[in-house]
Amino acid sequence: MLKIVRLDERLIHGQVVTSWVTNESITEIMVVDKSVCNDELRKSLMSMAVPEYISILFVDVDEAVRTYEEECEYEDLMIIFGNPYDILEFINKGGKLNRVNVGGMSCKGQRRQVCTSVFADEKEMEIFREIAGKNVVLEAKMLPTDKSVDLTKII
Amino acid sequence: MTGLLLISHGPFAKAALESSKVLLGDYGHVKAICFEVGESTNQLEADIQQAKQDLNADSFLVMVDVLGGTPFNVSSLQIAKDKCNVITGINMPALLEVLPLLETKSLEELSGIAVEAGKEGIVDVAQSLNKTNQTRKRGRKNVENR
């Protein structure tokens, strides 16, 4: 089943590997990010970081839409997106999501702080609103033990 | 000379370096970077570049706290560019072994030493005591049998 969908610009990193994967008993991670798909070094580094019993898939949005339902039949799946644009595209192309865990979006460029761990610029805020408009709950929460913040109420 | 770079989530890297000074004194050629909550990967990249410049070494041994964390991800991407290697799982045994050797050993040698010392420094004391006691008992028996 689809256990958790996360937005995290760092994709697979410490918090994901040490907390979320164990907490949600994940058996497979689908990383949706086109640039990583074509970067062998980054793929190797991320694969190295994940325990061997967890499989890991690197896909672009189209392939994610095409394959995620089948993966959910056999695996306890975590989908990780690197940016909000890909999530909106995923939904627009037929992907079904109820809830997105918004992990880190760091402070850079024109971004302003939305809540403790989330910074977004105007365009990204607009995308958040569009996603929320499709009845998707956006929940900001870095770690499973953190208190969650309902982003849809702030944006 | 090889420069040593310690990078952690939060204060561990700096604290480990401070602790090493209690046991060894200050050897130099080492920088610690603490990657804090809310910091961007770009900032971390910049910090690493700055630390490398400050160290002004021929090569760099980077020790990060955990496999798969952001310090690991960011520093490992630079393996191809700079003459450097990344070792995961900073611990005191590895640090204490490597610090005094930065001027004399090559990057490859230091990498091996760090991994070996790091692993060997982790000991289950109860189990070791058991083993030692068994060996002693066997030893005594041999003496008695003689």
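Read-outs throughout are calculated quantities, based only on the coordinates presented, and are distinct from any laboratory measurement. Quantities reported herein were computed from a predicted structural model and do not represent experimental measurements. Every residue, glycine among them, receives a Cβ derived from its backbone with ideal geometry; neighbour counts consider all protein chains shown.
Summary table
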| item | result |
| --- | --- |
| Computed FRET value (nearest 0.05) for A:S19 with A:N92, which takes r as the C-beta separation and R₀ as 30 Å | 0.50 |
| Straight-distance crosslink candidates among lysines, where the alpha carbon sits under 25 Å from A:K123 and sequence neighbours closer than 8 are dropped | A:K34, A:K93, A:K96, A:K108, A:K134, A:K141, A:K153 |
| B:D54-A:D121 FRET efficiency (beta carbon distance; Förster radius 41 Å; 0.05 resolution) | 0.80 |
| GNM top mover of A:D121, A:D60, A:D33 - chain A, alpha-carbon springs below 10 Å | A:D121 |
| Chain B - percent relative contact order, Cα under 8 Å, separation 6 or more | 25 percent |
| FRET efficiency for B:A80 and B:M1, using Cβ-Cβ distance with R0 set to 22 Å, rounded to 0.05 | 0.55 |
| Computed helical MRE - 222 nm, chain B, DSSP H runs ≥ 4 contributing -39500 (n - 2.57), nearest 500 | -16500 deg cm²/dmol |
| Under 14 Å, Cβ to Cβ, from A:N83 - net charge with Lys/Arg +1 and Asp/Glu -1 | -4 |
| Most mobile listed residue (B:T70, B:T132, B:T88) in chain B, GNM with C-alpha springs under 10 Å | B:T132 |
| Candidates B:L101, B:L23, B:L44: whichever shows maximal mean-square fluctuation once chain B is modelled as a Gaussian network with Cα springs under 10 Å | B:L23 |
| Rounded to whole Hz, the Karplus (6.51, -1.76, 1.60) HN-Hα couplings of region A:136-142, x for glycine and proline | 9, 7, 9, 10, 7, 6, 6 |
| For chain A: relative contact order, % (alpha-carbon pairs under 8 angstrom, 6 or more apart) | 28 percent |
